[in-house]
Amino acid sequence: MNEFEDLLNSVSQVEPGDVVTAEVLTVDASQANVAIAGTGVEGVLTLRELTNDRDADINDLVKPGETLELLVLRQVVGKDTDTVTYLVSKKRLEARKAWDKLVGREEEVVTVKGTRAVKGGLSVEFEGLRGFIPASMLDTRFVRNTERFVGQEFEAKIKEVDPKENRFILSRREVVEEKAAAARAEVFSKLAVGDIVTGKVARITSFGAFIDLGGVDGLVHLTELSHERNVSPKSVVSVGDEIEVKVLDLNEEEGRVSLSLKATTPGPWDGVEQKLAAGDVIEGTVKRLTDFGAFVEVLPGIDGLVHISQISHKRVENPKDVLKVGQEVTVKVLDVNADAERVSLSIKALEERPVQEDEQKEKRQSRPRRPKRQEKRDFELPETQTGFSMADLFGDIEL
């Protein structure tokens, strides 16, 4: 007992909470043994008190002969040997220093590393100190899978520091928003309606494609993707494609840019006069049927109208009664108007007029005209001054 008391008294100068300098004596699989300078006692530095990375190899972090600054946690007395050692920590000393550095630095941007996906957000490390970023503050859109940030280094803004409560909250979203705002302002300062710019397809939706212009996402609406009608966005572009687009409209206040892909490519109506002319007879495909006629595709992207009166010599009540979508037809070009993007077509112009109709017309033209009937008149017998007698009426009859 006397020897044990003497041993305790010899190390009384080391107290929990002290910051000491120690030399690494040995390193094994899970801990390092160190000699605390000026005390004559040893300490134990475990992997857990070295780093938050549970998969780290302790031999990559400390080497025999290396000198470390450590925080004394508590005294440990051996059961069998009655030796006195101290549990020391490098990680907690760094965390204490980090807390001291953080106080009063709210709203400052620092670089952190994602360490673990936890409930409600992401655990991060800053200079040995563990912080927390809620999922709602990770990005401009709510992040459900926070796992993708584990192992990444990124900037975040300090929102709350409370050493007593061990509370350290940060926001990556604010940093992203501020950078986006700066980039957006720069992009809008360089853009003008009518410009042809290069961008990368960021994402595709059912109504179009969003193009990253280097800080601003512009929308190419479905109707501006291609000169062809009713195309699927995915059939025109793919995510990651670099394309040239034309700026149609800018709205800096709302951060909107309207773009067009088809405006940068030749349209089907360009030079159509050299491809089509009145009198041409061509093959086409019925694309649409309406009450007033049928639209027939005669060239890629060019639909001409066969008016209901030009479908047949016979009376047609509804184009659907004689034509079907997808049907191949032969048509005659009646007129081409490139400026108005209109082509007039006829089917009946290629068909012979029915004989019966011609004969009836000829009969109507050759039938002799009936003489005009004379108007019926009312006659009055002339009046005589002397009158008349029976002899005047029957004088020439022999009795």
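Worth pointing out:
- Ordered by solvent-accessible area of protein heavy atoms (1.4 Å probe), largest first, the residues Thr51, Thr198 come out as Thr198, Thr51.
- Radius 13 Å from Cβ of Gly240, net charge of other residues (Lys, Arg +1; Asp, Glu -1): 0
- Counting heavy atoms of the protein chains alone, Ser258 has an accessible area of about 50 Å² for a 1.4 Å probe.
- Sum of side-chain charges, Val14 neighbourhood, beta-carbon under 11 Å (Lys, Arg +1; Asp, Glu -1): -2
- Shape class of region 11-147 from the alpha-carbon gyration tensor: prolate, with a/c at 1.5 or above and a/b greater than b/c.
- Rounded if a/c under 1.5, otherwise prolate or oblate - region 271-344, Cα gyration tensor axes: prolate
- Among the listed pairs Lys234/Lys348; Lys97/Lys159; Lys157/Lys246; Lys119/Lys234; Lys90/Lys157; Lys90/Lys119, those with a Cα-Cα distance over 29 Å are Lys234/Lys348; Lys157/Lys246; Lys119/Lys234.
- Whether region 176-244 is rounded, prolate or oblate, judged on the alpha carbon gyration tensor where a/c under 1.5 counts as rounded: prolate
- In order through region 212-224: 3J(HN,Hα) via Karplus (6.51 cos²θ - 1.76 cosθ + 1.60), integer Hz, x for Gly, Pro: 7, 9, x, x, 9, 9, x, 9, 9, 5, 3, 6, 10
- Sorting His313, His307 by accessible area puts them as His307, His313; the probe is 1.4 Å, largest comes first, and only protein heavy atoms count.
- One Cα centroid belongs to region 122-189, the other to region 283-341; the line between them spans 60 Å.
- Positive minus negative residues near Thr140 (Lys, Arg vs Asp, Glu; Cβ under 9 Å): 0
- Using a probe radius of 1.4 angstrom, the carbon and sulfur fraction of the accessible surface of region 17-93 is 44%.
- Portion, in percent, of the accessible area of region 102-174 that falls on carbon or sulfur, probe 1.4 Å: 42 percent
The values are calculated or read from the model by the stated rules, or taken from the named source; none is laboratory data. Since the model is a prediction, treat every value here as computed from it, not as a measurement. Glycine gets a Cβ as well: all are built from the backbone with ideal geometry, and neighbour counts include every protein chain shown. Quick note on the areas: whole protein, heavy atoms, side chains included, nothing else; ligands and nucleic acids left out. Shrake-Rupley method; radii C 1.70, N 1.55, O 1.52, S 1.80 Å.
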